[in-house]
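Structure record follows, encoded as structure tokens.
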Number of protein chains: 2
Amino acid sequence: MDLVIIGGSDAGITAALRARELAPDVDVTVVVADEYPNYSICGIPYHISGDVPDWRSLAHRTRADIEATGMRLRLSETAVSIDSTAHIVQTHGSDGDLRQIGYDKLIIATGAVPARPPIRGLDQLGATDGVHVLHSMDDTFSLTDDLDKRHPAAAAIIGAGYIGVEMAEALSARGIHVTVFEQFPQVLPNTLDPELAKRVEAELAGHGVEVLTGMTVSSIARDDDGPAGVLLSCSDGSTRRADVVLVVTGVRPEASLAAAAGAQLGIRGAIVVDPRMRTSIPDVYAAGDCVHTHHRLLPSPAYLPLGTTAHKQGRVAGENAVGGDATFSGVCSTQVVKVFDTVIAATGLQDGAARDAGYAPLTVTGSYDDHKAYYPGATPVHINITGDRTTGRLLGAQLVGRLEAEIAKRVDTYATAIHYGAGVADIGDLDLAYTPPLGSPYDATQLAAHAWLRDR
Amino acid sequence: MDLVIIGGSDAGITAALRARELAPDVDVTVVVADEYPNYSICGIPYHISGDVPDWRSLAHRTRADIEATGMRLRLSETAVSIDSTAHIVQTHGSDGDLRQIGYDKLIIATGAVPARPPIRGLDQLGATDGVHVLHSMDDTFSLTDDLDKRHPAAAAIIGAGYIGVEMAEALSARGIHVTVFEQFPQVLPNTLDPELAKRVEAELAGHGVEVLTGMTVSSIARDDDGPAGVLLSCSDGSTRRADVVLVVTGVRPEASLAAAAGAQLGIRGAIVVDPRMRTSIPDVYAAGDCVHTHHRLLPSPAYLPLGTTAHKQGRVAGENAVGGDATFSGVCSTQVVKVFDTVIAATGLQDGAARDAGYAPLTVTGSYDDHKAYYPGATPVHINITGDRTTGRLLGAQLVGRLEAEIAKRVDTYATAIHYGAGVADIGDLDLAYTPPLGSPYDATQLAAHAWLRDR
């Protein structure tokens, strides 16, 4: 049996590994468009910052490790079409040759591509002009080459999502003055409520990052007076200059190959899959940033591209492609991002999204010590907790605190509870760990739940 | 309506606060045997170590804060009997007077007392001989006075449970050479499997603590040749000398008052309560270290004295005593302890306890990075995960790692999952938070679950 996988990032490689693990007799071929299979895209900011000096370290596994599992990698080879009747994928190698690969089962893991915001002039500028996107290793090399050669003094980052704020830290670490442009009135608009976002904005400002919220860049052009400088015309009427520009305004699914083969597309053009990660085409699965995702708190699938989700979906697709019966159980959009010495984490739905989904949300804000105040080093955990007034169901939580406040794992308690459909009241009943240096008899996560119950 | 609560520690004060919160018209009186209501017993080691210089900081709330809620505190007053027919508690004040307090509802929160191991001669020695227990603020003052006055060079700690190992750190911090005697072949026998306990023993040894496992102290006597020195005769035939001895071999429930009033006692002499924290006596509730506890993985109640549990049970008792209908949902014996730079956490059942309870346990050991290895500072999280071979149910987990590895909150993910009756396979499906500096696409907790599934 031949399993072919298109895509060598999180979903594709995880699918291939799972298939090899469960069915060593299955022939697994992974078609990878570039030379960098199984690279940690989430790690790119830490290479650019200098925290990870060697880009090769960003590989989850080396090429040798991957091939030792017995799968075949076809690098620098791009899938150009799928004949689902004949069960053939046609590819285009770096040598220019077209090739045909037959499959019994196919997994599409083509990922996503950077979204291009509607900024006039943007489509005429690229890396040679100092205007970069950041999604692949080639994008990374292009940016680091530019930074190494030109030593830019001032960077503009368009978009204050999690990559935008991570890159603000990364470029600051290289001594570059950073200005972040965000069209929404706050940073991390899809992650945090406004009052918590203010804490992140303060953290950025405290490290010298200029944050311009509610500011749209309407047009962009080369500054022909400067060495590869760029001029940005802004919604406040001002024009700002930057030596280097990073456009990080999210991604859209790369589903063109699947669509051309007849796969049904859904929200935001993502490939429609069932809980077994099957597309609408027989014998064809899909996983990762190219597919829609089941959110456990939403009635309809959403587009939620994240590495964690891609791994889980890839694992399910890989298992099922070799005859298994795994089910993707969905996500609750858990995220965490580190910005300098602050950690931001969220899971579930923000208040507005919950209302849009038909819930009756109530969000309660509070701050609680990360551990007993008498033990040295206590620091506040700022928590917004959202529940349904009618049913008491836990709908979401956002946490912001210092690096040492174990924010990333505290959100996991809420994420686990949401997975099981918890009520807010259940949180207070959980038997969580306590010792004075590391918590409280009722953990911060539980005190937030008690506060919600009082306010309900 | 009069609510009387006997006991001013975690369960008693939490019950009183909850009652006042829900029913401001109820008259709440708390009878406290000493002068220290609402003190954090768990914090005592950190006062002795010097981390918390002022013992007053150990109060969860000040006396003024407590009284501002409108409850009445009767300090240094000991309840001596309960007339459950007449609904009267008789107390004994520090002035020697007997008093009678009528109640409509009564909550017994008398806590626990230190267990005394069967060591010959121990009953003839006390604080003036340099032999201490450590359970109350008076015990604490007695020990710190002794340490301050005599500046002992060598301490013996009998018992390597969590207080024993915390106190090994605390006394070491004061420059005292510590020897820990543990009759079981490992430290933390009720918390950790042997191979993980070895890591804790190494941490203790690395900080100069002498750890003698499998070593029973058979008799103890004053060393009349030295200044308040003590001689310990050991099961290996040796005799060892210490300037100060700490006996921390666990606690037993203080249920004598309840028993004399006719309350049914259960396991290890703890007061039997129902899920609403009612004793067998009408209008009398009980909570905290004096009662038995429902363990969510065990068919019968267990004796599991812990501050977190006392808070939750007190909250339920306080709510129900004023007409509420709260239920204590049980625990899964989650614990965490910090020993120098190592954190140990556990939840659920150890392999042997699981077998005793009728499960078919399989425990799988592994070590996983706390975050992506490419990001600086990655450190291993050592995990033993136990599940039922037959049903796949998650039965327990133990974690050991460095202070910065977020061990305390990682165990909470398992504890939350166990609360909901999770299978081991479910752990891999959880949507946990990931960013390279703080985790992995599959968190260490999830990789342990995958390892278990492979070995099953």
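The values are calculated or read from the model by the stated rules, or taken from the named source; none is laboratory data. The structure presented is a predicted model; accordingly, all values stated were derived computationally and were not measured. When we count neighbours, we look across all protein chains shown, and the Cβ atoms used for this are built from the backbone with ideal geometry, even at glycine. Note: areas computed on protein heavy atoms with side chains; ligands, DNA, RNA excluded. Shrake-Rupley method; radii C 1.70, N 1.55, O 1.52, S 1.80 Å.
Some notes on this structure:
- The residues packed around residue A:31, meaning those with a beta-carbon under 9 Å from its beta-carbon, carry a net charge of 0 if Lys and Arg are +1 and Asp and Glu are -1.
- Taking max minus min of the alpha-carbon positions on each principal axis, segment A:350-404 gives extents of 44, 19, 12 Å, largest first.
- Cα-based equivalent ellipsoid, segment A:17-152: semi-axes from gyration tensor eigenvalues, Å: 32, 21, 12
- For residue A:456, inter-copy label distances in nm, listed shortest first [label point 7 Å out on the Cα-Cβ vector]: 3.4
- Between residue A:276 and residue A:222, the contour length at 0.36 nm per residue exceeds the alpha carbon distance by 14.6 nm.
- Accessible area in square angstrom per residue, chain A, 1.4 angstrom probe: 36 Å²
- Kirkwood-Stokes translational diffusion coefficient of segment B:201-260, alpha-carbon pairs, 10 °C, 1.306 mPa s, µm²/s: 111 µm²/s
- Prolate/oblate/rounded label for chain A (Cα gyration tensor, a/c 1.5): oblate
- Label point distance in nm, residue A:138-residue A:195, each placed 7 Å from Cα along Cα→Cβ: 4.7 nm
- Taking 1.567 mPa s as the viscosity and 4 °C as the temperature, the Stokes-Einstein diffusion coefficient of segment B:307-362 based on its alpha-carbon Kirkwood radius rounds to 93 µm²/s.
- Total buried accessible area between B and A, probe 1.4 Å, nearest 100: 5600 Å².
- Relative contact order computed over segment A:362-423 (Cα-Cα under 8 Å; 6+ residues apart), in percent: 28 percent
- Most positive-pole-ward Cα, A:47, A:450, A:89, against dipole of chain A from beta carbon charges: A:450
- Relative contact order of chain B, taken over Cα pairs closer than 8 Å and 6 or more residues apart, is 14 percent.
- P(r) weight above 22 Å for segment A:194-332, C-alpha pairs, percent: 57 percent
- Remark: C-alpha extents of the protein assembly as shown on the principal axes read 96, 61, 49 Å, sorted largest to smallest.
- If you take the Cα centroid of segment B:197-234 and the Cα centroid of segment B:239-309, the two points sit 29 Å apart.
- With R₀ fixed at 45 Å, the C-beta to C-beta distance from residue A:210 to residue A:61 puts the FRET efficiency at about 0.70.
- Beta bridges assigned by DSSP with both partners in the protein assembly as shown are antiparallel in approximately 65 percent of cases.
- Segment B:1-148, dipole about Cα centre (Lys/Arg Cβ +1, Asp/Glu Cβ -1), debye to the nearest 20: 400 debye
- Across the identical copies, how the residue B:380 labels are spaced - nm, sorted shortest first, 7 Å along Cα→Cβ: 4.0
- Angstrom value of the Kirkwood radius, inverse mean 1/r, which spans all Cα pairs in segment A:158-276: 16.4 Å
- DSSP bridge pairs, chain B: antiparallel proportion in percent, nearest 5: 65 percent
- Here's the thing: no lysines lie within a cross-link span of residue A:149, going by alpha-carbon distance under 21 Å and ignoring same-chain residues fewer than 8 apart.
- The fraction of accessible area contributed by carbon and sulfur in chain B is 49 percent, rounded to a whole number (1.4 Å probe; ligands and nucleic acids excluded).
- Structural size metrics of segment A:277-343, computed from C-alpha coordinates, are Rg and Dmax of 13.8, 49 Å.
- Inter-probe distance in nm under a simple model that places probes 7 Å from Cα toward Cβ, at residue A:454 and residue A:268: 3.8 nm
- Convex hull volume per residue, computed on the Cα atoms of segment A:313-456, equals 133 Å³.
- Electrostatic bookkeeping for residue A:216 treats Lys and Arg as +1 and Asp and Glu as -1; over the other residues with beta carbon under 12 Å from its beta carbon, the sum is -1.
- Taking each DSSP H run with n ≥ 4 as -39500 (n - 2.57) and averaging over every residue of chain A yields -7500 deg cm²/dmol at 222 nm.
- Position residue B:80: other-copy label points at 9.9 nm, ordered by increasing distance, label point 7 Å along Cα→C-beta.
- The magnitude of the dipole of chain A, with charges of +1 and -1 set on the Cβ of Lys/Arg and Asp/Glu and taken from the Cα centre, is near 820 debye.
- Counting charges near residue B:100 (Lys, Arg +1; Asp, Glu -1) among other residues having Cβ under 14 Å from its Cβ returns a value of -2.
- Pairwise Cα separations in segment B:368-432 fall into 10 Å bins from 0 onward with the following percentages, short to long: 21, 48, 26, 5, 0.
- Exceeding the 32 Å Cα-Cα cut-off - candidates A:198/A:409; A:312/A:372; B:338/B:372; A:409/B:105; A:312/B:312: A:312/A:372; A:409/B:105; A:312/B:312
- FRET efficiency for the residue B:34 to residue A:21 pair, using the beta carbon distance and R₀ = 51 Å, is estimated at 0.25.
- Think of each Lys and Arg Cβ as +1 and each Asp and Glu Cβ as -1; about the Cα centre, that makes the dipole of the protein assembly as shown roughly 1180 debye.
- Normalising the average separation of contacting C-alpha pairs (under 8 angstrom, six or more residues apart) by the number of residues puts the relative contact order of segment A:271-364 at 23 percent.
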